[in-house]
Amino acid sequence: VLQAKKWMYMYELIVFLSLITSCLFILRAFRIKSGVEYVFVFFLLFSAQIIFIGYILSSLNRLGEVQSWAAVGLVIAIISAGLLRWIKSPSDGDGSTPRSIRIIWLELFGSLSSFEKPLLVLLAITSAVIQILNLLVIFFSAPHNWDSQTYHLARMAYYLQHENLAYYDANYWAQVSHPKGSTILFLFTYLVSGKNENMIQLVQYVSYLLAALTVYAIAEKAGSNTGQSMFAALISSLLTEWLMQSTTAQND
């Protein structure tokens, strides 16, 4: 039994690391210079790969097998490495990497006034404390809200039981009509976390953090300065609706 668990941990680690490696290879080929854009594209690539693998394994009726996830993940990582090798020529150099934390820090706070700095620091501390508390809620409590229990997780359990994403009859419309991408993300998180149901809620939590970062990017693109963009992002991170949904297994 212990040997079997050890192999399962290895498969789970392979899945996770192979997808991260694949994303890094692709991003290196794209040469993204903006730190915010780097995070966005990484998140989108990582999610897209999970959903892509989910549909592949569904067609093979292997959706609930971590070994199959690991195998396909390794294949994608190898293909991504080949893509990087093919795109980059010897004269291209090493490509661009995200700017250092020190440079980003100077860019964010160097232009702020004496009024903006304490205000933004206070908002940032408040947001950070709440995020830590929400993370503790996720780690120590199982999915609990109505929507998660009645159809999001019920559908995920059905897909796991049948090893595919085939449609099925249900007495609640949301179990049939909702897009399957979020369900695949829940399923992936459940499998690679050693079937820990609490960790399923991390999908919504990470999406919430990206949503706050999106507000910053949109405000910046709209012409706001650094202080205004940070203020908008921090205020959005403290919205009650966002905070309440960030610790659920929903897909909002």
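The values are calculated or read from the model by the stated rules, or taken from the named source; none is laboratory data. Here the structure is a predicted model, which is why all the values come from computation and not from measurement. Backbone-built Cβ (ideal geometry, glycine too); neighbour counts: all protein chains shown. All accessible areas refer to the heavy atoms of the entire protein, side chains included, with ligands and DNA or RNA removed. Shrake-Rupley method; radii C 1.70, N 1.55, O 1.52, S 1.80 Å.
Quick notes
- When the charge dipole of the chain is built from unit charges on Cβ atoms (+1 for Lys and Arg, -1 for Asp and Glu) and taken about the Cα centre, the candidate among G54, Y9, G194 whose Cα reaches farthest toward its positive end is Y9.
- Phi-derived couplings, Karplus 6.51 cos²θ - 1.76 cosθ + 1.60 at θ = phi - 60°, listed residue by residue for segment 212-219: 5, 5, 4, 4, 4, 5, 5, 4 Hz, with x used for Gly and Pro.
- The chain, accessible surface, carbon-and-sulfur percent (1.4 angstrom probe): 68 percent
- q = 0.14, 0.18, 0.34 Å⁻¹: log10 I(q)/I(0) that the Debye formula gives for segment 37-78, counting C-alpha atoms only: -0.34, -0.52, -1.13
- Label point 7 Å beyond Cα of L243 along Cβ direction - residues of segment 198-218 with amide nitrogen under 20 Å: 201-216
- Every pair of different Cα atoms in segment 1-75 enters the Kirkwood calculation, which places the hydrodynamic radius at 13.4 Å.
- Above-threshold pairs, the threshold being 31 Å between Cα atoms, out of K33/K117; K117/K221; K195/K221: K195/K221
- Residues in the chain average 56 Å² of solvent-accessible surface per residue, probe 1.4 Å, ligands and nucleic acids excluded.
- For H162 and A124, a Förster radius of 30 Å and the Cβ-Cβ distance give a FRET efficiency of 0.10, rounded to the nearest 0.05.
- Projected onto its three principal axes, the C-alpha set of the chain covers 59, 53, 38 Å, listed from the longest axis down.
- P(r) tail fraction, segment 164-252 - alpha-carbon pairs more than 15 Å apart, %: 67 percent
- Spatial offset of segment 33-93 relative to segment 187-229 amounts to 19 Å, using the alpha carbon center of each.
- Here, segment 128-190 has an Rg and a Dmax of 13.8, 43 Å when only alpha carbons are counted.
- Annotation for segment 145-252: chymotrypsin sites (Phe, Trp or Tyr not before Pro) lying in DSSP loop with at most 14 further Cβ atoms inside 10 Å of their Cβ are Y167, Y168, Y172, W173.
- Point-charge dipole on Cβ atoms (K/R +1, D/E -1) for the chain, about Cα centre, debye to 20: 620 debye
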